[in-house]
Amino acid sequence: MRHAERAVFDLHRGLPVLIADETGDTLVHPVEGISAESIARFRELGGDRCALLLTGHRLASMSVPDIAEFAALPIVLPASPAELLRLAGEHAQRVPEGASLRDCVATEQAAVRLLRRARVLPAGLAVRVPAGNAGAVDAAVREGEFLRVPLEEALALCDGAPRLVRAGEARVPLAQGVDSRFVLFRERDGLQEHVAVLVGYPALWPEAVPVRLHCACLTGDVFGSQRCDCGEQLQRSIATINAQGGGILLYLAQEGRGIGLANKLRVYRLQDEGLDTVDADRTIGFGDDERDYRIAHDMLAALGVPRVALLTNNPAKIAALCDAGTEVANRQPLFGPITAHNRRYLSAMADRQGHLLHALLDDPAEPAPAISPDAGRG
């Protein structure tokens, strides 16, 4: 899947790619990173009439219901980059009056899925390359201007879990005398790296290994952001695993529930405009949770851990690990502090995503319950 993996990297950089099927090429340019110059080149190869590819979540936020996954909004070039960015991700936008949406063809659907995997705005300008321009496009591919990806390869990449390579490891002593070993796993496309933090000595771990899946949160883990409870959960999870005789913290590079840091900051801006975290994600075109926990299963399998005691408040993590083939022997709750800044976020997680937080939200003054190895059995 080398070409598809490279295409994800190009889309992440804001560069256009070609997706090819048996009838020809679809040229796709991510809206994020588009410029007047790249629009002019796009128009030169594809013509004036193209489409803006949007997700059903984005269109629902624009008051267009009943779009299952993707749709194409006809666009006549030239259009300004600012106009395209407004249509792709700003709050309180509407589909232009008189515009008629159409279903996305297979190459366009694959394009949006690749954009989502690249963790840029899942919106792209797309055009079917006219037969008369096929020679110019072939020349551009030969010269390295564009990467051409077969449709089947793009779909295979999007349907599969990221392939991991064990890339390095070392002992890393932590605060409070916690002895740990960091094992780095790199995705083969080179975009993301995930870390397994092995706490204590594997020979002494419980039979159901205490495990925490912690998705990276730069703002909370590093800078102590008060918008979430991630930083405190990270520290408490390491302390809890250590107190139980050791285990594993999987630090997954899935910032912002899988949408990436740039999109997470867009979501924060929309929250400041009054949206909750779920509606903000949908406004920029994402689902409620874009994380892929098959990565966690693959890391655990590589470490020889088939059975875990999972530290989580999120039932989706339990279901995803079980579906992937990891046995979850029990669940252990893990609460961070509740503050005036994160209460709204935590309430949305509980009420709209089913996180098991109501005990905390109903009585924030009550201390977090003690966690025992048998917590959550049955």
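The values are calculated or read from the model by the stated rules, or taken from the named source; none is laboratory data. Being a predicted model, the structure only gives us computed values, none of them experimental. No Cβ is skipped: glycine too gets one built from the backbone with ideal geometry, and neighbour counts run over all protein chains shown.
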Query raised in the report: Looking at the stretch 154-173, is at least one residue at pLDDT 95 or above and closer than 30 Å to Asn342 by Cβ?
Result: yes
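This table checks each residue for (1) within 12 Å of Leu18 (Cα to Cα); (2) of a type outside the set (A, V, I, L, M, F, W, C); (3) assigned by TED's automatic domain parsing to the domain that holds Thr26.
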site: Arg116; (1), (2), (3): no, yes, yes
site: Val129; (1), (2), (3): yes, no, yes
site: Asn133; (1), (2), (3): no, yes, yes
site: Ala136; (1), (2), (3): no, no, yes
site: Leu191; (1), (2), (3): no, no, no
**Report entry** The lone exception for Ala60 - which of (1) in a helix (DSSP H, G or I); (2) closer than 21 Å to Val149 by Cα it fails
**Finding:** (2)
Query raised in the report: Only one of (1) more than 14 Å from the chain's Cα centre (by Cα); (2) buried (at least 17 other Cβ atoms within 10 Å of the Cβ) fails for Gly258. Which number is that?
Result: (1)
Requested in this report: For the stretch 268-277, state whether one or more residues are modelled with pLDDT of 95 or more, under 14 Å from the mean Cα position of the chain (by Cα), within 20 Å of Asp351 (Cβ to Cβ) and of a type outside the set (S, T, N, Q).
Outcome: no
Query - Which listed residue is out of contact with any helix residue (DSSP H, G or I) (no Cβ under 7 Å at 6 or more places or on another chain), of a type outside the set (S, T, N, Q) and part of a loop (DSSP other than H, G, I, E, B), from Pro78, Pro96, Pro74 - result: Pro96
Query raised in the report: Out of curiosity, is Arg307 more than 27 Å from Leu114 (Cα to Cα), basic (Lys, Arg) and modelled with pLDDT under 95?
Result: no
Report summary line: Gly168 vs (1) out of contact with any strand residue (DSSP E or B) (no Cβ under 7 Å at 6 or more places or on another chain); (2) not assigned by TED's automatic domain parsing to the domain that holds Ile19: all pass except (1)
Query raised in the report: Among the residues of the stretch 111-122, is any out of contact with any Leu (no Cβ under 7 Å at 6 or more places or on another chain), within 16 Å of Ala7 (Cα to Cα) and surrounded by fewer than 14 Cβ atoms within 10 Å (Cβ to Cβ)?
Result: no
Requested in this report: Just need a number here: residues in the stretch 8-55 that are under 11 Å from Glu108 (Cα atoms) and without any contact (Cβ under 8 Å) to a residue 12 or more places away in the chain.
Outcome: 0
Report task. Quick one: in the stretch 308-350, of everything that is within 23 Å of the chain's Cα centre (by Cα) and part of a strand (DSSP E or B), which residue is surrounded by the most Cβ atoms within 10 Å (Cβ to Cβ)? Result -> Leu311
Report task. Find the residue count for the stretch 103-156, including only residues that are basic (Lys, Arg) and closer than 20 Å to Ala68 by Cβ. Result -> 3
Report task. Take Glu152 and decide whether it is of a type outside the set (A, V, I, L, M), closer than 30 Å to Lys264 by Cβ and assigned to a helix (DSSP H, G or I). Result -> no
Query raised in the report: If you take the residues of the stretch 73-110 that are in contact (Cβ under 8 Å) with a residue 60 or more places away in the chain and small (Gly, Ala, Ser), which of them is surrounded by the fewest Cβ atoms within 10 Å (Cβ to Cβ)?
Result: Ala106
Query raised in the report: Somewhere in the stretch 45-56, is a residue surrounded by fewer than 20 Cβ atoms within 10 Å (Cβ to Cβ) and touching a Phe, Trp or Tyr at 6+ places or on another chain (Cβ under 7 Å)?
Result: yes
Requested in this report: With respect to Ile19, determine if the residue is out of contact with any Cys (no Cβ under 7 Å at 6 or more places or on another chain), β-branched (Val, Ile, Thr), within 17 Å of Leu125 (Cα to Cα) and assigned to a helix (DSSP H, G or I).
Outcome: no
